Amino acid sequence: MANKRMFSLDVINTDLFLDMPTSTQNLYFHLGLRADDDGFVASPRQVMKLINCTADDMRILVSKGYVIPFETGVIVICHWKQNNYIRSDRYHQTKYITEKQQLQESNGIYSLSDFGIPDGNQLVDNRDTQVRLGKDSLDKNRLDNNITSNVILSGAETAPAPNTAPDVSGILLSLVDKTDYDVPLSKIEEWKEAYPAVDIEPELKKMSAWLNANPSRKKTRRGINRFINTWLSREQDKGGRYRGNNYNGQNGGNGTSEAARHEAEQRAAYGKY
């Protein structure tokens, strides 16, 4: 397999591609770098885990027509041959022959063939039993949905069901990888029950401002929920919204120093996550 990979501007310099989230674009590039000479990626879920992408990112790539998933767990880059030209003396054929036989190519773009599976005449080994499936088992849309949900995204963070409101609040927490964590509404409801003395949304906005003011202390996507829970737990222990006006000069007339102490406590508590 070649060590160099390319990406065509005809593919990535389009509104369709650039309108995708940066995390989704990042996933596409990493998949392209790890594909074999026919554009197949053996371990897409491992790549997703490595770069902290979610199931949503893979779903977007599938729905936008940038990758095709298979029941075996591998995927193929749809525009592979537009992105890469590999000389015949350096080319190594993919080992995913069965998956490749399910594809058709037009203008350098892969797509699933009419039925999405090879018929008996396409099998490499004639000794294999040739089984022709009935039409009712070859519904392409159903097959695509099942593969995406049950294979590629198995064990990954799930996304909202189609035609439902997105589970995001619009409160963004900046992460160390320069992406944002859009706090889920479901998590906010969970924290409201866990920390009843705390005004959750205002505290989340404080966290956002604190992270932006302290870029060296930003968190990873895996560590951000721990950071949030630690912050909210400390606010709950202090009495949250019921603790009075401790920061308005009622603590010995020293509201400014009290606020400074509070900031110092936050730095000490949250900087280690």
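The values are calculated or read from the model by the stated rules, or taken from the named source; none is laboratory data. This structure is a prediction, so every number in the text was calculated from the model and none was measured. Glycine gets a Cβ as well: all are built from the backbone with ideal geometry, and neighbour counts include every protein chain shown.
Quick notes
This table checks each residue for (1) modelled with pLDDT of 90 or more; (2) more than 30 Å from residue 27 (Cβ to Cβ); (3) in the same structural domain as residue 26 (by TED's automatic domain parsing).
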| residue | (1), (2), (3) |
| --- | --- |
| 164 | no, no, no |
| 185 | yes, no, no |
| 193 | yes, yes, no |
| 202 | yes, yes, no |
| 228 | yes, no, no |
| 242 | no, yes, no |
| 255 | no, yes, no |
| 266 | no, yes, no |
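- Residue in segment 42-60 that is in the same structural domain as residue 113 (by TED's automatic domain parsing), over 25 Å from residue 221 (Cβ atoms) and within 19 Å of the chain's Cα centre (by Cα) present: no
- Within segment 197-238, the set of residues being over 23 Å from residue 179 (Cβ atoms), surrounded by fewer than 16 Cβ atoms within 10 Å (Cβ to Cβ) and either aliphatic (A, V, I, L, M) or free of Cβ contacts under 8 Å to residues at least 12 places away in the same chain (or both) comprises 197, 202, 237, 238.
- Restricting segment 168-189 to residues that are assigned to a helix (DSSP H, G or I) and without any contact (Cβ under 8 Å) to a residue 24 or more places away in the chain, the residue that is farthest from residue 50 (Cα to Cα): 189
- Look at (1) at pLDDT 60 or above; (2) farther than 16 Å from residue 174 by Cβ; (3) among the aliphatic types (A, V, I, L, M) and you find that residue 260 fails only one, number (1).
Conditions tested, residue by residue: (1) in contact with an Asp or Glu (Cβ under 9 Å, 6 or more places away or on another chain); (2) crowded, with 17+ Cβ neighbours inside 10 Å.
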{"site": "66", "(1), (2)": "no, yes"}
{"site": "69", "(1), (2)": "yes, yes"}
{"site": "74", "(1), (2)": "yes, yes"}
{"site": "80", "(1), (2)": "yes, yes"}
{"site": "86", "(1), (2)": "yes, yes"}
{"site": "89", "(1), (2)": "no, no"}
{"site": "94", "(1), (2)": "yes, yes"}
{"site": "102", "(1), (2)": "no, yes"}
{"site": "105", "(1), (2)": "no, no"}
